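K.L.:
Before anything else, here's the structure in question.
The values are calculated or read from the model by the stated rules, or taken from the named source; none is laboratory data. Please read all numbers here as calculations on a predicted model, not as lab measurements. For neighbour counting, all protein chains shown are included, and Cβ atoms are generated from backbone atoms with ideal geometry for every residue, glycine included.
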Amino acid sequence: MALIASACSEREMMEFTLEQSLSIALKGQCDDDPQCLAAIEAQLQHCIASNRDLDDLIKAGGQDQDLNRRISLDIARCIVDAQGNSYFFANTDLTEQDYPDEPREQTADTPAIIPR
């Protein structure tokens, strides 16, 4: 395992980590929509690799939570349908009026990635 890790650059390791975690999270939001799932499979690697802030996260050793959150949201918004509309949007100001039927959990730090 150490040999494999040493053969990868920090960027490759960060891209792999983001791809694995975001793939699981985003696919869970697709509600078995085959087009959404296919878009994630086809576009996620490119969206991660083309993210302009990824090098800053690498320099921070992956420890900058605000930057990590912003990058994750930007990558999620990068996943689009055939018309170029994002499958996901981020809303950092969700209120009970926006989603009255959703159970309310008091968390102050994590913005939501919401399927459209």
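K.L.:
Those residues that are at pLDDT below 80, of a type in the set (S, T, N, Q) and within 17 Å of the chain's Cα centre (by Cα), I need them from segment 81-98; list them, please.
P.N.:
91, 92
K.L.:
Then there's this: Would you confirm whether any residue within segment 59-72 is of a type in the set (Asp, Glu), part of a helix (DSSP H, G or I) and at pLDDT 95 or above?
P.N.:
Checked segment 59-72: no residue is of a type in the set (Asp, Glu), part of a helix (DSSP H, G or I) and at pLDDT 95 or above.
Residues are listed down the side, and each one gets a yes or a no for (1) at pLDDT below 95; (2) closer than 16 Å to residue 88 by Cα:
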site: 18; (1), (2): yes, no
site: 28; (1), (2): yes, yes
site: 31; (1), (2): yes, yes
site: 37; (1), (2): no, yes
site: 43; (1), (2): no, yes
site: 51; (1), (2): no, no
site: 54; (1), (2): yes, no
site: 57; (1), (2): yes, no
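K.L.:
If you take the residues of segment 17-58 that are assigned to a helix (DSSP H, G or I) and in contact (Cβ under 8 Å) with a residue 60 or more places away in the chain, which of them is nearest to residue 85 (Cα to Cα)?
P.N.:
Per the stated criteria, the residue is 36.
K.L.:
Of the conditions (1) in contact with a Cys (Cβ under 9 Å, 6 or more places away or on another chain); (2) among the charged types (D, E, K, R); (3) free of Cβ contacts under 8 Å to residues at least 40 places away in the same chain, residue 64 fails just one. Which one is it?
P.N.:
(1)
K.L.:
When residues of segment 73-85 are filtered for being part of a helix (DSSP H, G or I) and among the β-branched types (Val, Ile, Thr), how many remain?
P.N.:
Of the residues in segment 73-85, 1 are part of a helix (DSSP H, G or I) and among the β-branched types (Val, Ile, Thr).
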